[in-house]
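Everything on this sheet refers to the single structure shown next.
The values are calculated or read from the model by the stated rules, or taken from the named source; none is laboratory data. Predicted model only: the values in this text are computed from it and were never measured. No Cβ is skipped: glycine too gets one built from the backbone with ideal geometry, and neighbour counts run over all protein chains shown.
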Ligand code: ATP
Ligand code: MG
């Protein structure tokens with residue numbers, strides 16, 4: 001089928017389109033209305049239908065004659081050198097045990113459960129157990145500092161927190177329990193119970209009457225049978241915070257039915273996963289990719305999913321590819337930042353393994369530069385499929401739906417608008433829709449398709465005020481990203497709206513300049529920010545990491561590349577060389593903090609920063 005026809009149908013007759021897609025999942029009670037958009041921008045999908053995420057991810061694969069004995073969850077840790085595979089039936093049993101434990105600790109439908117866990121199987125059990133009994137999970141990235149955790153505790157007011165003694169990074173235990181205790185002390189909404197998985201990595205102090213040992217409690221629920229709680233499609237399934245790249249994270253609330261349908265559709269049309277195959281997303285359950293494409297999406301499609309705890313380069317840079325070989329991974333999902341790390345390593349490590357099972361690599365989270373994309377395509381010999389989306393949307397907004405049509409990808413572009421998304425480019429100052437090749441803000445006309453956020457948790461007004469504007473009687477959702485579309489309908493993301501640089505009246509996306517700089521053979525990574533300038537309004541300033549620090553690459557060499565490709569107007573005023581760039585824990589460049597330091601301001605909210613030392617490098621580079 002032509003993708004253009006498929007897309008048109010999703011836009012012109014969305015209710016028929018999504019009604020058909022809804023057949024991809026099991027419903028306990030059929031819905032009576034496909035879409036209720038009586039109160040824009042709030043969209044309610046599959047009204048009156050009753051379903052359950054855990055049922056669709058686990059139970060339905062365990063039917064007699066089904067694939068209950070096939071692998072469902074494969075937990076690999078190169079931190080603790082452990083590997084454990086759970087079949088769908090085993091997962092079914094573990095999830096029921098977890099659900100029973102939660103119920104015994106007082107968790108009821110609609111209650112929030114905060115999950116602060118490393119990448120271990122119990123984290124997935126806990127998420128699925130919540131889904132099973134209708135509790136709302138709020139997964140907080142493991143290892144987040146106490147104050148970040150405290151603000152999320154206060155926001156969600158969980159009755160239960162599920163956590164562990166420690167995570168581990170590069171072979172070093174990172175104790176979670178002291179952070180958790182500190183966070184609970186800082187918060188005003190105290191959970192009554194804390195369920196703790198003891199991995200034996202770090203000693204834990206227990207709070208009497210509050211803290212419960214998971215292994216001990218599990219032992220009394222070994223034969224637990226906890227039936228699925230059927231939920232109305234629009235009841236909440238979870239809360240998840242955005243990455244905090246541009247400021248204070250927003251608590252995204254997701255539904256049940258719409259999310260299940262959207263994930264099932266994306267697994268079919270985007271990720272082309274078949275039941276019985278293996279999916280490997282290298283993200284963390286603390287991020288949206290982890291929710292959609294480690295836990296729920298692959299399982300809803302009947303695929304085995306890999307949960308990997310460890311670095312991409314330990315014990316050596318071949319580790320991911322050894323997993324691909326061993327578990328015959330067919331579809332893999334990662335982030336450009338991880339691929340850039342691999343590009344800096346010796347290639348023989350990844351060449352050692354048989355990767356012939358792999359059919360495609362999907363990348364998302366940050367702009368995919370041409371150098372990185374071409375390099376990994378050459379190494380793997382499979383299509384590299386960029387996909388652009390947000391925590392808010394839960395599944396791709398822009399990509400190439402290879403499951404519909406084998407349309408070409410274009411280097412530097414995540415692709416075209418995905419089914420269900422009425423993507424618009426809007427001129428920032430006039431509010432008028434852009435024509436081909438005119439830059440503008442990427443917006444989506446409401447209603448958002450199934451799977452997208454319902455609201456900001458506990459704050460409908462913030463949802464409306466933050467994301468929506470009205471234009472000619474239509475509600476428009478802003479992605480806060482800046483882009484351009486070519487004549488074939490392919491979008492190119494140029495940066496975040498906050499990151500657009502205005503040099504003497506020329507509007508430039510940081511991304512355009514970064515893309516150009518990374519085409520220099522000795523640059524592995526770069527961040528470009530706009531810095532206030534008396535004469536020009538703003539100038540671009542670049543911070544680059546060199547592949548080989550000993551090679552003679554000068555500031556002028558880098559500038560010359562930009563001159564040649566984009567013209568002198570885009571040339572950075574300065575190019576500084578550093579060995580590390582400030583990033584969020586999910587690997588996104590913290591341009592706002594770099595910009596603030598360049599302008600002599602306070603770097604702002606740093607709760608999500610990976611390593612504060614990276615900011616000192618920026619500071620020192622400027623002082624030189
Ligand atoms: P916050 O909203 O808290 O500032 P964040 O936007 O980084 O944080 P996420 O929802 O994790 O939080 O990231 C979504 C953003 O990541 C997008 O809006 C876009 O800026 C960027 N992004 C994601 N995928 C791509 C991609 N394929 N190409 C370019 N940019 C991407
Ligand atoms: Mg965002």
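Values computed for the structure shown
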quantity	calculated
Any hit, the range 3-16, residues being buried (at least 22 other Cβ atoms within 10 Å of the Cβ), in contact (Cβ under 8 Å) with a residue 12 or more places away in the chain and touching a strand residue (DSSP E or B) at 6+ places or on another chain (Cβ under 6 Å)	no
Residue within the range 254-262 that is away from ligand 2 (no atom under 16 Å from the Cβ) and either at positive phi or surrounded by fewer than 20 Cβ atoms within 10 Å (Cβ to Cβ) (or both) present	no
Filter pass, residue 100 being without any contact (Cβ under 8 Å) to a residue 60 or more places away in the chain and over 26 Å from the mean Cα position of the chain (by Cα)	no
Unmet criterion (only one of (1) part of a helix (DSSP H, G or I); (2) within 16 Å of ligand 1 (Cβ to nearest atom); (3) at pLDDT 95 or above) for residue 333	(1)
Test: residue in the range 270-285 that is modelled with pLDDT of 95 or more, out of contact with any helix residue (DSSP H, G or I) (no Cβ under 9 Å at 6 or more places or on another chain), assigned to a helix (DSSP H, G or I) and not assigned by the TED database to the domain that holds residue 587	no
Those strands (runs of 3 or more DSSP E) lying entirely in the range 359-477 with at least 1 residues within 22 Å of residue 289 (Cβ to Cβ)	360-363, 384-386, 422-426, 440-445
Residue that is farthest from the chain's Cα centre (by Cα), among those in the range 493-508 that are within 15 Å of ligand 1 (Cβ to nearest atom), part of a strand (DSSP E or B) and at negative phi	494
From the options 327, 293, residue that is under 15 Å from residue 359 (Cα atoms) and out of contact with any helix residue (DSSP H, G or I) (no Cβ under 7 Å at 6 or more places or on another chain)	327
Test result for residue 357, within 13 Å of ligand 1 (Cβ to nearest atom), in contact (Cβ under 8 Å) with a residue 12 or more places away in the chain, outside the structural domain of residue 244 (by the TED database) and surrounded by fewer than 23 Cβ atoms within 10 Å (Cβ to Cβ)	no
Some residue of the range 330-341 being more than 16 Å from ligand 2 (Cβ to nearest atom), more than 30 Å from residue 371 (Cβ to Cβ) and surrounded by fewer than 23 Cβ atoms within 10 Å (Cβ to Cβ)	no
Number of the exception - residue 286 against (1) surrounded by fewer than 24 Cβ atoms within 10 Å (Cβ to Cβ); (2) within 22 Å of the chain's Cα centre (by Cα)	(1)
Restricting the range 337-354 to residues that are in contact with a helix residue (DSSP H, G or I) (Cβ under 6 Å, 6 or more places away or on another chain) and in a loop (DSSP other than H, G, I, E, B), the residue that is farthest from ligand 1 (Cβ to nearest atom)	354
The range 236-249 - residue that is within 8 Å of ligand 2 (Cβ to nearest atom) and either surrounded by 22 or more Cβ atoms within 10 Å (Cβ to Cβ) or within 14 Å of the chain's Cα centre (by Cα) (or both) and, of those, farthest from residue 108 (Cα to Cα)	245
Per-region count, the range 129-149, residues within 22 Å of residue 200 (Cα to Cα) and part of a loop (DSSP other than H, G, I, E, B)	6
Residue count for the range 370-385, restricted to those that are out of contact with any strand residue (DSSP E or B) (no Cβ under 9 Å at 6 or more places or on another chain) and within 14 Å of ligand 1 (Cβ to nearest atom)	1
Only listed residue being closer than 20 Å to residue 238 by Cβ, outside the structural domain of residue 606 (by the TED database) and under 26 Å from the mean Cα position of the chain (by Cα), chosen from 183, 146, 173	183
Lone unmet requirement of (1) over 30 Å from residue 67 (Cα atoms); (2) crowded, with 23+ Cβ neighbours inside 10 Å for residue 192	(2)
Condition check for residue 489: away from ligand 1 (no atom under 14 Å from the Cβ), within 30 Å of residue 20 (Cα to Cα) and outside the structural domain of residue 19 (by the TED database)	yes
Qualifying residue in the range 366-383 (condition: within 16 Å of ligand 2 (Cβ to nearest atom) and at pLDDT below 95)	yes
Selection from the range 386-410 of residues that are out of contact with any strand residue (DSSP E or B) (no Cβ under 9 Å at 6 or more places or on another chain), away from ligand 2 (no atom under 16 Å from the Cβ) and touching a residue at least 12 places away in the same chain (Cβ under 8 Å)	403, 404, 405
Residue selected from the range 477-492 under the condition more than 16 Å from ligand 2 (Cβ to nearest atom) and on the phi < 0 side of the Ramachandran plot, by the criterion farthest from the chain's Cα centre (by Cα)	487
Evaluation of residue 525 against (1) in contact with a helix residue (DSSP H, G or I) (Cβ under 7 Å, 6 or more places away or on another chain); (2) more than 27 Å from residue 286 (Cα to Cα); (3) not in a helix (DSSP H, G or I) (one fails), failing number	(2)
In the range 446-470, residue nearest to ligand 2 (Cβ to nearest atom) [restricted to those that are surrounded by 15 or more Cβ atoms within 10 Å (Cβ to Cβ) and over 15 Å from residue 44 (Cβ atoms)]	467
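Rundown of residues vs (1) out of contact with any strand residue (DSSP E or B) (no Cβ under 7 Å at 6 or more places or on another chain); (2) surrounded by fewer than 22 Cβ atoms within 10 Å (Cβ to Cβ); (3) in the same structural domain as residue 215 (by the TED database); (4) part of a loop (DSSP other than H, G, I, E, B), yes/no style:
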position: 60; (1), (2), (3), (4): yes, yes, yes, no
position: 75; (1), (2), (3), (4): no, yes, yes, no
position: 99; (1), (2), (3), (4): yes, no, yes, no
position: 109; (1), (2), (3), (4): yes, yes, yes, yes
position: 124; (1), (2), (3), (4): no, no, yes, no
position: 151; (1), (2), (3), (4): yes, yes, yes, no
position: 154; (1), (2), (3), (4): yes, yes, yes, no
